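Inspection log for the structure reproduced underneath, given as C-alpha cells.
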Amino acid sequence: MASIAENLRQVREQIDSSIAQSGRAAGCVKLLAVSKTKGAEQVLEAWQAGQQDFGENYVQEALEKMSAVAAMLPSASLPVWHFIGPVQSNKTRDIAANFQWVHSIERVRIAQRLSSQRPDGLPPLNVCVQVNLSGEDSKSGLALEQAEGLCAQISELPRLELRGLMAIPAPCSDHEQQRLVYRPLAQLFNQLSARYPHFDTLSIGMSEDYRAAIAEGSSMVRIGTAIFGKRG
Ligand SMILES: *Cc1c(COP(=O)(O)O)cnc(C)c1O
C-alpha cells in the first residue's frame, strides 16, 4: 500500500495537471485532506508531508483527534480544521470554538448559533453554504434557488465570514456528467463572488470527481480516500 506522503504527492500532481488543462492559474485550488475515521498518527503523517488543512465530519471524533495532534506538534504550527459534516444544533458550540471553517451550512438557525457562539478571542468563523445538486438522492444541503437567500442572511451575521458554496453530488463515474452537475453551482458562485468581499471558495470535488470539479472552477477539493486509503 502506498504511503500517505506518496498519495499526497500524486493527488497534488493530479490537481496541478487538472488546473493546467483548464487554463486556470497555478495554485488556485486548495487541497483539504478529509481525515474522518482516520487517526491522529495519519493526520500527523500528512502534516509532515506538507498538508495543512484537514476536514472532519463528526464533532466528538474530531475534538479527540485535534487534541492528540496538538500534543504532538508545536503550538505555533497547528493544522487548519474544517468541519464538513451535517451540523446538529447541540454541536454548534463545540464547532464554533474549535474549527476555523464550516462548509456545511444549510439553515439560518445554525448559522445564527455559530455566530453567537464563536468565541471573542478568535477571528470570524469561515463558512460555506451547502447546496444539494442531486435532489432526492441527497438529504444534505438546500436547493440551489435557496442558496442566494441564505447567503444574504449569513452575510449579516457579525461573527461569521461568508466564504462560498459547497456541494456533495450523488456519485457518478462519468467525467462529463460530473462536470454538468457542478456547472449551475459554479455559475451561482461567480455571481455571488461579485457581491460579497470574501466570497472566494467553491468547495467541490472529492476523490472520484475532483478533476471534473477543478475543470468547473473548484477552489477547494475535499479528498479522503485518495490520500488516506479506504475507510473501514
Ligand atoms: C468523506 C467526505 C469527503 C471525502 O470523500 P472521498 O471520496 O473519500 O475523497 C469529502 N467531502 C465530504 C463532505 C465528506 O463527507
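Here, each number is a calculation from the coordinates, and none is a lab measurement. Every value quoted in this text rests on a predicted model; they were computed, and no experiment measured them. Using ideal geometry, Cβ is built from the backbone for each residue, glycine included, and neighbour counts are taken over all protein chains shown.
Things to note:
- Gyration tensor verdict on the stretch 85-208 (Cα atoms; rounded if a/c is under 1.5, prolate if a/b is larger than b/c, oblate otherwise): prolate
- Fully extending the segment from Asn190 to Ala152, taken as 0.36 nm per residue of separation minus the present Cα-Cα distance, adds 12.2 nm.
- Kirkwood hydrodynamic radius of the chain, from the reciprocal of the average inverse Cα-Cα distance over all distinct pairs: 17.9 Å.
- About the centre of its Cα atoms, the chain shows a dipole size close to 340 debye [charges on the beta carbon of Lys, Arg (+1) and Asp, Glu (-1) only; nearest 20 debye].
- Among 7-15, 200-208, the order from most to least packed when residues are scored by Cβ within 10 Å on average: 200-208, 7-15
- Its residues counted as N, the stretch 32-76 yields a C-alpha radius of gyration over 2.2 N^0.38 Å of 1.04.
- Judged by the gyration tensor of its Cα atoms, with axes a ≥ b ≥ c, the stretch 162-232 is oblate; a/c meets the 1.5 cut and b/c is at least as large as a/b.
- Think of it as helices only: each DSSP H run of n ≥ 4 in the chain is worth -39500 (n - 2.57), and spread over all residues that comes to -13000 deg cm²/dmol at 222 nm.
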